[in-house]
1. Could you pull out every one of the aspartates and glutamates with an alpha carbon less than 16 Å from that of Lys285, ignoring same-chain neighbours closer than 8 positions?
2. Give me the number: length gained by fully extending Leu216 to Asn166, i.e. 0.36 nm times residue separation minus the C-alpha to C-alpha distance, one decimal in nm.
3. Taking the simple approach of a point 7 Å from Cα along Cα-to-Cβ for both His189 and Gln113, what is their distance in nm?
4. Do any trypsin sites (Lys or Arg not before Pro) in the stretch 140-201 lie in a loop, going by DSSP, with at most 15 other beta-carbon atoms within 10 Å of their beta carbon, and if so which?
5. How much length, in nm to one decimal, is gained on full extension between Glu207 and Arg158, taken as 0.36 nm per residue of separation minus their Cα-Cα distance?
6. Taking H as built 1.01 Å from N, whose amide H comes closer than 5 Å to the amide H of Asn73, not counting residues under 5 places away?
7. Give the value in nm², to one decimal: projected area of the alpha carbon convex hull of the stretch 119-204, averaged over all directions.
8. Please report, in debye to the nearest 20, how large the charge dipole of the chain is about its Cα centre when each Lys and Arg carries +1 at its beta carbon and each Asp and Glu carries -1 there.
Amino acid sequence: MAKEKQIVDAAKLLFQTKGFHYTSVQDILKHSGVSKGTFYNHFSSKSQLILSIIQEVDAKVEEQQKQLLIEGNIHSKQTLYSQLRVKHALYSSENILDLYNIALAENDEKLSQYMHENHYNELNWLAKRLIDVYGMEIEANAMDIATHFTGGLGYQMRYSNQMNLNTNSSSILDYNILRLEKNIEITKHAKQILFPFNFGNWNETEESIVWKIRNLLDQINHDINTREEKELIDFILEECEQHTPIRWSVCEGAVRQLHTIASSLPKKEQQYQEVVDLIVSQARKNNP
């Protein structure tokens, strides 16, 4: 791993100072101090170096975004905006936008696949976080909003670079965050939906189920009537977050008690029914 890091660090420096196309493999060998054989043991081409650099930065972004979520509030706008800004800061410092533009022109299967999956995951991450912050009422519109924000931001960044403008990239991000707020308000009252988003249908993994359960219970948590209700909610959340594997049959027993408690409250009963359906489906899947 030490040799691989030497190669990546040298390539990053050269790509930033000389440019990708003007940097040869020989330049990288000279600056990293490794042999040609060692280089090709780790990377088949310069395109693979782009992939490695982007993956390294994306891992840092994910780590810092998760830390912001731990330290902040999942439903806070400021936490979401901080997560967007930390990605922007890391991408800017590592010139990732330039590497993305180069990667689009490279005929490398692994790089192209990663770019495609990363773009898809980025949109879905933002759609989920928008629901965290603005509530389930925007669920169906979440992908419309995510694509509008991501597309506008990306094209404005590229336009600024191509035209050699002095527009501060942080100002472009802040501008789009402001527009995001306006777009959400407009979307709430719009009947047209371009890309209907349903988190459960998007990816029925256990992680996605847990996310939706947590989101629903977090909303209910603001309107708890009894101590028993709070204890049952806390138990389910703890079970989902701390036990591996999750004991879905145990969660089913707890959520059915919650449903019974809420049976006299129509609005809350409906919310609990969604949680019941999710947990029961997982319990049946794991114990057919």
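1. Glu204, Glu206, Glu207, Glu252, Asp277
2. Details: separation 50, 0.36 × 50 = 18.00 nm, distance 4.43 nm.
Value of the extension gain: 13.6 nm.
3. Distance between label points: 4.7 nm.
4. Details: sites: Arg158, Arg179, Lys182, Lys188, Lys191; in loops: Lys191.
Answer in residue order: Lys191.
5. 14.2 nm
6. Thr79
7. Numbers: hull surface 24.1 nm².
Quarter of the Cα hull surface area: 6.0 nm².
8. Values: 30 positive and 38 negative charges, 153 e Å.
Dipole size: approximately 740 debye.
The values are calculated or read from the model by the stated rules, or taken from the named source; none is laboratory data. Bear in mind that the values here come from a model prediction, so they are computed numbers and not experimental data. Every residue, glycine among them, receives a Cβ derived from its backbone with ideal geometry; neighbour counts consider all protein chains shown. Keep in mind that these areas ignore ligands, DNA and RNA; they rest on the heavy atoms of the full protein, side chains included. Shrake-Rupley method; radii C 1.70, N 1.55, O 1.52, S 1.80 Å.
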